[in-house]
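Written out below as structure tokens is the structure these notes cover.
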Amino acid sequence: MILRFAGFGGQGVVLCGYVFGKAAMLDGKNSMHTQSYGSASRGGLTRSDVGISDGEIYDLHSESIDLLVAMSQQSYDAYRAQLIPGGMLFFEADLVTVSGDHDHQSHSIQATDIAYKRFGRKIIANMVMMGFVNQIGGLVSERALRLTVAESVPPGTEDINIAALEEGMRLGMDR
């Protein structure tokens, strides 16, 4: 399975890919992670690709992806055509308008708004989105996801990041 997290620099999409790749390894799967970001680290188009498989992964470079998380309109516009028919699209509802001509599963959430209103920090919108994506997509175990988040965020922010992750999971259960 190829996952792509995409948005603009500063939204934490590279961290999302890293976390899912590492969590998959904790679950005993193989994973591979790559990242790409524009010349401006804040505000430029950014993507983070993760391959997760029970078997060997020989190449992560693929023209098609199974799951796309679009955190910005620019990222949706740039990568939506690579999402396979029947694939899963997750998007930031306040920042992305999707076209009606698609044949995939779509799930949206106001991750940035939720992060700000519930936790007072827009910067953890990626955690809300990761919990939401994993709850619906069933990509990795909740245990591995929580452990990897706790190990991957700055010291002292573990509790708020895990709380945001759990909020996303809770919202995913309602779908």
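Readers should treat all values here as calculations from the given coordinates under stated rules, not as data from a laboratory. Treat the numbers as computed from the prediction; the structure is a model and nothing was measured. Here the Cβ positions follow ideal geometry from the backbone for every residue, glycine too, while neighbour counts run over all protein chains shown.
Annotations for the structure displayed:
- Selection from ASN126, SER152, GLN74, by position along the positive dipole direction of the range 71-175 (Cβ): SER152
- Of all stretches in the chain that contain no GluC sites (Glu not before Pro) in a DSSP loop with at most 11 other Cβ atoms within 10 Å, the longest one is 64-175.
- Across the range 11-17, coupling constants 3J(HN,Hα) worked out from phi with the 6.51/-1.76/1.60 Karplus curve, θ = phi - 60°, read 8, x, 6, 5, 4, 4, x Hz, and Gly and Pro carry x.
- Using θ = phi - 60° and Karplus 6.51 cos²θ - 1.76 cosθ + 1.60, couplings along the range 64-79 (whole Hz; Gly, Pro as x): 10, 10, 8, 9, 10, 10, 9, 9, 8, 4, 4, 6, 4, 4, 6, 10
- Under 5 Å between amide hydrogens, built in the peptide plane, is the criterion, and for ILE65 it picks out LEU83, ILE84 among residues at least 5 positions away or on other chains.
- When only Cα pairs below 8 angstrom with a gap of at least 6 residues are kept, the chain shows a relative contact order of 21 percent.
- Extension gain from MET173 to LEU26, taking 0.36 nm per residue of separation minus the Cα-Cα distance: 50.6 nm
- Positive minus negative residues near GLU151 (Lys, Arg vs Asp, Glu; Cβ under 12 Å): +1
- Amide H contacts of GLY87 (H built 1.01 Å from N, under 5 Å, at least 5 apart or other chain): GLN105
- Kirkwood Rh, angstrom, the chain [1 / mean 1/r, Cα pairs]: 15.8
- The dipole here belongs to the chain: it is taken about the Cα centre, uses +1 on the Cβ of Lys and Arg and -1 on the Cβ of Asp and Glu, and is about 480 debye.
- Förster radius 30 Å - calculated FRET efficiency between ALA78 and GLU56, Cβ distance, rounded to 0.05: 0.55
- Phi to ³J(HN,Hα) by Karplus 6.51 cos²θ - 1.76 cosθ + 1.60 over the range 156-163, Hz, x for Gly, Pro: x, 10, 4, 4, 5, 5, 5, 4
- DSSP beta bridges in the range 1-112 [antiparallel fraction, %, rounded to 5]: 50
- Every helix of 4 or more DSSP H residues in the chain counts as -39500 (n - 2.57), and over all residues that averages to -12500 deg cm²/dmol at 222 nm.
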